[in-house]
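Have a look at the structure below before the remarks.
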Amino acid sequence: MPSKKEQKEAKNLAAVLEKIPKMFGDEAAAGFRLHEIILAAAPELKPRLWYGMPGYAKATSKPVLLFIRKDKYLTFGMDEKANITLDAGAPDKLMPHSWFIAELDAATEARIAEIVKAAVA
């Protein structure tokens, strides 16, 4: 019999998988692909709903580090609790924390995987 933790993780995963087609609509395939990229890049992440969108944390009791959503655009982002380093040398002192995705081509998928790996390091 699965432990309570395993049951909670399974319930959270089911909720995310149910939410993706509802949130992403005709772009559900891209939503599922984002989900797959995140989990392939960091298998230790546990999906759950976070403010009504798919979020990913190191454990069910830990803060969400990454999220995906679909408003007007597909969006991939990270929370301030992700392992990020602000570039003090940046001329404008701004750092992106979310990205609109125009197309999920191989280069974009690879860059998302890099960001995921850095965010959970």
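The values are calculated or read from the model by the stated rules, or taken from the named source; none is laboratory data. Predicted model, so just to flag it, every value in this text is computed and none were measured. Positions of Cβ are backbone-derived with ideal geometry, glycine not excepted, and every protein chain shown enters the neighbour counts.
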field: Every residue from segment 27-82 that is out of contact with any helix residue (DSSP H, G or I) (no Cβ under 7 Å at 6 or more places or on another chain) and basic (Lys, Arg)
entry: ARG33, LYS62, LYS72, LYS81
query: Which members of segment 45-60 meet the condition of being over 12 Å from ALA119 (Cβ atoms) and in contact (Cβ under 8 Å) with a residue 40 or more places away in the chain?
result: THR60
query: Looking at segment 74-95, is at least one residue within 16 Å of ALA121 (Cα to Cα), acidic (Asp, Glu) and surrounded by fewer than 16 Cβ atoms within 10 Å (Cβ to Cβ)?
result: yes
- request: Taking LEU34 as meeting all but one of (1) more than 25 Å from LYS4 (Cβ to Cβ); (2) exposed (fewer than 15 other Cβ atoms within 10 Å of the Cβ), write down the number of the exception.
  value: (2)
message: Being within 20 Å of GLU9 (Cα to Cα), crowded, with 17+ Cβ neighbours inside 10 Å and at pLDDT 95 or above is true for just one of LEU66, LEU49. Which residue is that?
response: LEU66
- line: Residue pairs within 8 Å by beta carbon, gap of at least six or interchain, first lying in segment 105-121 and on the phi > 0 side of the Ramachandran plot, second in a helix (DSSP H, G or I) and modelled with pLDDT of 95 or more, listed first then second, are none
query: Is at least one residue of segment 10-26 among the β-branched types (Val, Ile, Thr), without any contact (Cβ under 8 Å) to a residue 60 or more places away in the chain, at negative phi and in contact with a strand residue (DSSP E or B) (Cβ under 9 Å, 6 or more places away or on another chain)?
result: yes
field: Cβ pairs under 8 Å, 6+ apart, first in segment 72-92 and among the β-branched types (Val, Ile, Thr), second assigned to a loop (DSSP other than H, G, I, E, B) and at pLDDT 65 or above
entry: ILE84/MET95; ILE84/HIS97
